[in-house]
Each structure stands twice: as C-alpha cells, then as structure tokens.
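The values are calculated or read from the model by the stated rules, or taken from the named source; none is laboratory data. Given the structure is predicted, the values throughout are model-derived calculations rather than measurements. Cβ placement follows ideal geometry from the backbone for every residue including glycine, while neighbour counts extend to all protein chains displayed.
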Amino acid sequence: MTPKTILLVEDNPDDLELAIRALRKSGHGDGVVVARDGVEALDYLFGTGAFAGRDTAVQPTVILLDLKLPRLGGHEVLERLRKDKRTQLIAVVVLTSSDQRDDIRGAYARGANSYIRKPVAFNQFTTMLAEIGHYWLDLNVPPQT
C-alpha cells in the first residue's frame, strides 16, 4: 500500500507550525511534506528543481493549498495541477484566510475539491486540521487506488 501523504503548501511560518503540530496531534503528521510557495509545490509534484529525481509516481493523497503565496499563487498552482495527467486527480483542499468571492469561485473553477477558511482560534484550527486529515486520509477513497 502506498503511504498516504499531505503536501502542505503554506508560506506563513506561524500557520505552518500550527498546521504541522495539529496534524501530528491528530495522528496525521508523519506524512507531511512542506512547500513554502507555489514553485516549490510544483517542483515537488513534478520532480524538478530541488526535488529533481523524486519518484513522481508516488504523489500526495491530498494537497492543502494556501492561495496567497510568493512566486506563484495558489490559483496558478491549481491550474497547472489540473492540466497535467500526473496530478489532475490529486485532491486539493484550499486552506486560506481569504473569504473573497472571486477567490472561492476561482478555486472551484480551477478544480479545487474543497475550500476552507482558516479559523483564527488555535483550538478551532487544530480541530479543523484533524477533521481534514481524518476525512482525506482515513475515509475518502482516492481515484489512484
């Protein structure tokens, strides 16, 4: 069985640390790979740049994608993922602080599977990430299976 991993694409160091702690606490932290911007996320997924030579046959089970990223934003990452057969079926959960209608509609139009606003309170953030991990890693059956 292929290990279940989460690609966490987040540039905010505080949100990144909280997310990793919350996922570990919920038992889903062992398979977390971190990308700090959109370019790094695509390099990981396509085995380029710093990830040249990575076995791209093994892809994350779910991507937690922030929208507001340096170098390449979340909407552009989504577009590139959905245009490539190697990555078009990976579940993508947009995890962002934006409640802008254009961001929400744009994410779904580009193929996001879910759009979740980050709660401000730590306990809510921890609970939300535990639920995301449980659903996407334990309950959901991905199409690659």
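Selection over the range 1-20 of residues that are within 18 Å of I116 (Cβ to Cβ) and in a helix (DSSP H, G or I) gives a count of 6. When the residues of the range 107-136 are filtered to those that are assigned to a loop (DSSP other than H, G, I, E, B) and touching a strand residue (DSSP E or B) at 6+ places or on another chain (Cβ under 8 Å), the one that is surrounded by the most Cβ atoms within 10 Å (Cβ to Cβ) is A112. Checking A50, A57 one by one, the residue that is part of a helix (DSSP H, G or I), more than 16 Å from the chain's Cα centre (by Cα), at pLDDT below 95 and surrounded by fewer than 17 Cβ atoms within 10 Å (Cβ to Cβ) is A50 and no other. Reported count of residues in the range 63-86, each being out of contact with any Lys or Arg (no Cβ under 8 Å at 6 or more places or on another chain) and either basic (K, R) or within 14 Å of G111 (Cβ to Cβ) (or both), is 13. Filtering the range 5-38 to residues that are basic (K, R) and either touching a residue at least 40 places away in the same chain (Cβ under 8 Å) or crowded, with 21+ Cβ neighbours inside 10 Å (or both) leaves R21, K25.
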